[in-house]
Structures are given as structure tokens and as C-alpha cells.
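Contents: one structure, followed by commentary.
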Amino acid sequence: MDRSRRNFCLGAGAATIGAATVAAMPAAAAPGAVPLRRDGDPAHRWAMVVDVGKCVGCQACTVACIMENDVPENSFRTIVSTYEVTEQGKAGSYMLPRLCNHCEEPPCIPVCPTGATFQRRDGIVVVDNTVCVGCAYCVQACPYDARFINHETQTADKCTFCVHRVEAGLLPACVETCVGGARIFGDLNDPDSAVSTLVRDENPKVLKPEQGTRPRVFYLGLDPRFQGKVDGTPTLWRPSGETHAKKEHA
Amino acid sequence: MDNHIVEVINVTREVAWLPWAVQYFFLIGLSVGGLLLSLPGYAFAREDWRALGRIALLVALTCGLAAPVALLSDLHQPGRFWHFYVVLRPTSWMWWGSVFIPFYVTGLLVYGWAGFREELQAHGQVDSRLAALYRLASLGGGRNDALIRAAGLFALAGALLVALYTGAEVAVVKARPLWHTPFLPIQFLMTALAGAAGLVLVLNRFAAGNDRAVEVRANRLLAGFLGGVMLAGALWLALGLFGLDSTHAEALGSVAGSEAWRVTAVWAVAATALPFAIAVAKPARTGLLTGLIALHGAWMFRWTVFIGGQTVPKTGAGFYDYALPAGPEGLLGIVGTAGLWLFLLIALTAILPSPRRPAPAPTRAAQAPAGPVAAAE
């Protein structure tokens, strides 16, 4: 029943076996398309489908990501943007989990002056924080506000699809913890994976398609009013000003 | 019926390009502008442009040396700056910048030395303990117009590349509609020229001979540059207002609803139109005022583009708040860069004091002591 979690390990294994028969990886192999890809297994193309209708806005994913990835205080690799929507006098909530879209055409990569940020051959966009100079050009170039400067490493930081977990055959922490099963993670190169099926059959949408980034985080039930910059009243809540407070781990 | 959206929870992304970046773009723009203004008098040896060119050369050198320090400070890992130089990243305008900046600054230093060599030689001929150092610095030569021209053209090539990359680096960021406009490089260049003319006017008053001819000429140049600034701004606005171009319409749309941005726009127009009107109507005895306003305008344009631009959320509703921090990531960065520039100006004008003009205006003649040229110390 829970495709996002229980079937993942099985699916990943099948994909690995199936990969031996895959002749070529479209993006990585296309001449001149993306010359900057390295590392990772080209047999996979990791992606996520977010079923907005199943998100209850509990922020468990937000917290799980912070704990898993040691994200500094007041910084977020993922968050569930939450809106109060009033229509004809009736108010309701709208939840939109946001994270790096691991785009097929990531605008953050060509701008990087040192090559610190790159796309693995399995599609995951990562930052080598031993190389990054913290120029923040990638932070500017990302149309999704998915990147930030980590003030503990003083380098660019972002969601990595929990690449360390994925390589160990586990799900990203946000997917693992999602109580509603709203986040579905898998391999687009495996035609039988849950994400492939959903992308093929459910016609999901992506954020800011006009940017031409070809995101690999898809949304089911995405209201067009939330597809780009949201036209509404901004939140009153802000992170505290104590940005560099020392973290204490339990 | 009442339909609206209230954002309840979202992340606020802090500005990632800090006031250091504003200072860098401001100073490097002034340097490029100063270099361009110095060329007629020095590289092309036009004697009537020489006095203005000397001040412009001071602008180019002081700003050009302070600017890279501000840029380095904007990196969150400044100690890793050498990472730029061990890779080939032609897809990144910032990487090109790391190539162009040393090229430009080297050219500028050689050109500055060639331009001031005549003065170094003169200081080497007075009876002073430092005379030997001046003679050493002049490498035993004096004015060499061919050398000045060659170095000037070399520095000009660097300046044009810097102007190109600084504009393109920001204009290619499609994620920020306000930046993603082909007008931005032109606006950077025009405001830089206006700022450089402004700084020439200010330095003419405080760090040079308060030359009336320089003031009038610089004010006329300033008026021309400000005219260009207004023209580029009007075109940008027209393209957005009339929906002729979707990029500009989007850029305008992202800020048009904000009262703060409207006030900023009115302020910017005033800070351009006012010195323009003064410089056209009364180019003499107004240089300090027009110069200061023009400098303010050039800085404010960059502040608005960078800090203001980053307060427009890419996905969230409304605008992010920005409060200038007092520390190195804010006010201290601005003050520190200004202090460095001032130090460079004091050092340079101490080493190379303004030459006394042979036949100044009668009112100035009384102040100019007769006798041999005093040594720098």
C-alpha cells in the first residue's frame, strides 16, 4: 500500500538489475547537453512526486531533514509552505512541500565559478562544500529559493535527496517520515517504479515550468496559484534574529 | 466575493550577496568610469583634458584597488579564492570575472604608473630624502605618451571586459526578473560613468586644485551621463509598463505593488533629474552638490538592485524584510570599504600631491606659494 516507503528497497534493487540493460542515459549521454555530470550511477534518475492532497502540513519532513542532515538553525533544506486560502468566504489550508527540484536543466550549476556544485549522473544536484567558495551565485540562480548559505560551513547548502541514504538503499529522510505518504521517491529510469507510473499516468505539474529548468520534483494536485511566486499576504512569522546560536543536540 | 491567500508558514531566505557586493559593484564601476574619463587627457594626450584626466585617474586607481577587497569579502569563504584559478568554468560569468579583474587591475596599475611617471620624475629632482625613491619609481624616465597610450588601451580593454562581465553576471540570473534584463549592463555602465564624474567633481574640490574648468567640464559630462541614465530607465519602464516585453513586465510587476519600491523609484528619479538640471543650468560652482548627488545615485542604484532585488521572494508571498546588520555582514562592510578607499586616496595624494598649475586663476594665485615644488613628505 505504501509505495513511497515499503516498496522502495525492492524497487531500487530491481532498478539496479534493470539498469544493466539500459543502453544510454538520455541527459548524460546527449552530446553537449550536460557536460558537467559526474559521480553517481547513471542507471538511475532519482525523482520525487509530491501528492499535495495527502500532505497534512505536520512539518515532520522539515524536522526529519534537519535532524538527518544537521541543517543549521533557521535554515531549511525542505519546508512545507502553508497557506490559508479564502474563497467566497470559506477558509481552508493549502500545503506545499518545497525542496530542491533536482532539475534536468539546473540553472544553479552553470553559474558556479568553481565547479563545487554539480549534478550526479543519477540526477541528484549536490555541493562539494570543500570546494565551494560561498559566492552564493547558485543561491541567486535557483528559481525555487531552494539554496542558502550554511553559516556553519559558510558554503552553499541544499537538499541532496539524502544522497547518503539513497546510496545505502534507503529513502530520503523526508519521505521516510511522511505520515501521509505525500512524498513518493523513486527512479524514473525504472518504468515500473511508483514515480514513473505517477508521472506517466497522473500528469503531475512542476513549479515554475516557464523557467525551463525541467524539475524532477513533480506535484499532484498543484493549484496553479502556487506554481510560481505566490500572490498573497506574506507570513508574519520570521526566524529569530539569533541566527548563529550554538546548536545543542540531545 | 472575498478571495485571498495568507501565507502562514514559509521560509525567509536572507540576502546572500551582502553589502560588500554593493560596495564592489559601486567601486569597480567608479573605477571603470574613472578610467574612461582619464583616457582623453592621458592616453590621447589632449592637454585640455589633462587636469580632469588626472583626477579621473585618481578615481580609477583608488576605486580599482579597493574594489577587489570588497569582492573578496563578499565570499563566505574568502580564503578559498584560489579555487577560481584552478578550474576552467566558461559557463560562469563570475569565473570570467576572476580572469578579467586581475587583467584590468594590472592594466590600470601600469597605466597609472605611466600616467604619473612624469610627476614621479619631477619629485625625484627636488632636494628631498625621498627623491631617490621617486627616481626609482619613475625607473629613470619621464612622460612617454606612446607608453601611456599603449597602457591606457590595455586598461581600456580590461575595463570594457569588467563592464561586460559585471552587467552580464547579474543580467543572466533568470530567477530574478528584476535582474534579468538586457538593460541592466547598460544601466550599470551609465550610472558608473555618472558616479565617476560625480567623484571627479568631489575630488576636484577636496583633493585637487578646485579647478573651475575641470568642474564645468565634469558637470557637462555628468549631465550627459545622467541623460543616458534617464533614457535607459525610461526605456526599461516603458517596456514593462506597456507590456511590450514580458521580462520587463514581470520585473515591474514584481515590485510595482510595493509602496517602498514606489518611493525608491521616485527618489531615484529625483536623484538623477536634480543633478542633471543643476549641471545643465549652472555647471560652475555647483560641482560639489551635483557630484555628491551623482555618487549617491550610483550607489543607491546598486543597493536597490542587489539588496532590494534579494528581498523579492522567488516563491513566497510579499517581500522579505531587510535590516542592515551592524557587523561585517552589513554596516561594517560598507564603512570598512569606504575607509579603505579613503586610505588609498590619502596615500596616493600624499605620494603624488596635486601639481601646482603655472598660471591659475587670479584668486588662486595668491594661495599658491612661489618657489620650488615641495616634496611629498
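The values are calculated or read from the model by the stated rules, or taken from the named source; none is laboratory data. Please read these numbers as outputs of a predicted model, since none were measured by experiment. Note: ideal-geometry Cβ built from the backbone for every residue, glycine included; neighbour counts use all protein chains shown.
All of A:Ser93, A:Ser81 fail the test of being facing chain B (nearest Cβ under 8 Å), touching a Ser or Thr at 6+ places or on another chain (Cβ under 8 Å), hydroxyl-bearing (Ser, Thr, Tyr) and farther than 19 Å from A:Val217 by Cβ, apart from A:Ser93.
For the condition over 30 Å from B:Ser92 (Cα atoms) and either in contact (Cβ under 8 Å) with a residue 40 or more places away in the chain or over 22 Å from the mean Cα position of the chain (by Cα) (or both), B:Gly227 qualifies.
On the stretch given as the range B:1-51, residues that are more than 21 Å from B:Gly309 (Cα to Cα) and within 11 Å of chain A (Cβ to nearest Cβ) total 8.
Within the set A:Thr177, A:Thr153, A:Thr130, A:Thr117, the sole residue that is within 11 Å of another protein chain (Cβ to nearest Cβ) and buried (at least 18 other Cβ atoms within 10 Å of the Cβ) turns out to be A:Thr117. Taking the numbered list (1) crowded, with 18+ Cβ neighbours inside 10 Å; (2) more than 14 Å from every other protein chain (Cβ to nearest Cβ); (3) not in a loop (DSSP other than H, G, I, E, B) in turn, B:Ala265 passes all entries but (1).
Yes/no per residue for (1) surrounded by 15 or more Cβ atoms within 10 Å (Cβ to Cβ); (2) at pLDDT below 95:
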residue: B:Gly318; (1), (2): yes, yes
residue: B:Ala323; (1), (2): no, yes
residue: B:Val335; (1), (2): no, no
residue: B:Ala359; (1), (2): no, yes
residue: B:Arg364; (1), (2): yes, yes
residue: B:Pro372; (1), (2): no, yes
residue: B:Ala376; (1), (2): yes, yes
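In the range B:12-46, of all residues being over 17 Å from B:Gly198 (Cα atoms) and among the β-branched types (Val, Ile, Thr), the one that is surrounded by the most Cβ atoms within 10 Å (Cβ to Cβ) corresponds to B:Val22. Scanning the range A:74-112 for residues that are within 26 Å of A:Arg165 (Cα to Cα) and in contact with a His (Cβ under 8 Å, 6 or more places away or on another chain) gives a single hit, A:Ser75. Selection over the range A:49-78 of residues that are more than 19 Å from A:Arg216 (Cβ to Cβ), within 14 Å of another protein chain (Cβ to nearest Cβ) and in a helix (DSSP H, G or I) gives a count of 4.
The requirement of being outside any loop (DSSP other than H, G, I, E, B) and modelled with pLDDT of 50 or more is fulfilled somewhere in the range A:8-23, by at least one residue. Restricted to the range A:134-240, the set of helices (runs of 4 or more DSSP H) holding at least 3 residues that are touching a helix residue (DSSP H, G or I) at 6+ places or on another chain (Cβ under 8 Å) comprises A:137-141, A:173-177. Screening the candidates B:Trp49, B:Trp17 for the property of being at pLDDT 95 or above, over 11 Å from the mean Cα position of the chain (by Cα) and not in a helix (DSSP H, G or I) yields one hit, B:Trp17. Beta carbons closer than 9 Å, at least 6 apart along the sequence or on distinct chains, pair a first residue in the range B:266-285 that is under 19 Å from B:Asp211 (Cα atoms) with a second that is surrounded by fewer than 16 Cβ atoms within 10 Å (Cβ to Cβ) and of a type in the set (D, E, K, R) for B:Ala279/B:Arg220; B:Val280/B:Arg220; B:Pro283/B:Arg220. Of the candidates B:Gly115, B:Gly141, B:Gly79, the single residue that is without any contact (Cβ under 8 Å) to a residue 12 or more places away in the chain and over 26 Å from B:Ala168 (Cβ atoms) is B:Gly79. Checked against the criterion of being on the phi < 0 side of the Ramachandran plot, among the aromatic types (Phe, Trp, Tyr), surrounded by 18 or more Cβ atoms within 10 Å (Cβ to Cβ) and in the same structural domain as B:Leu332 (by TED's automatic domain parsing), the candidates B:Trp49, B:Trp113, B:Trp82 yield just one match: B:Trp49.
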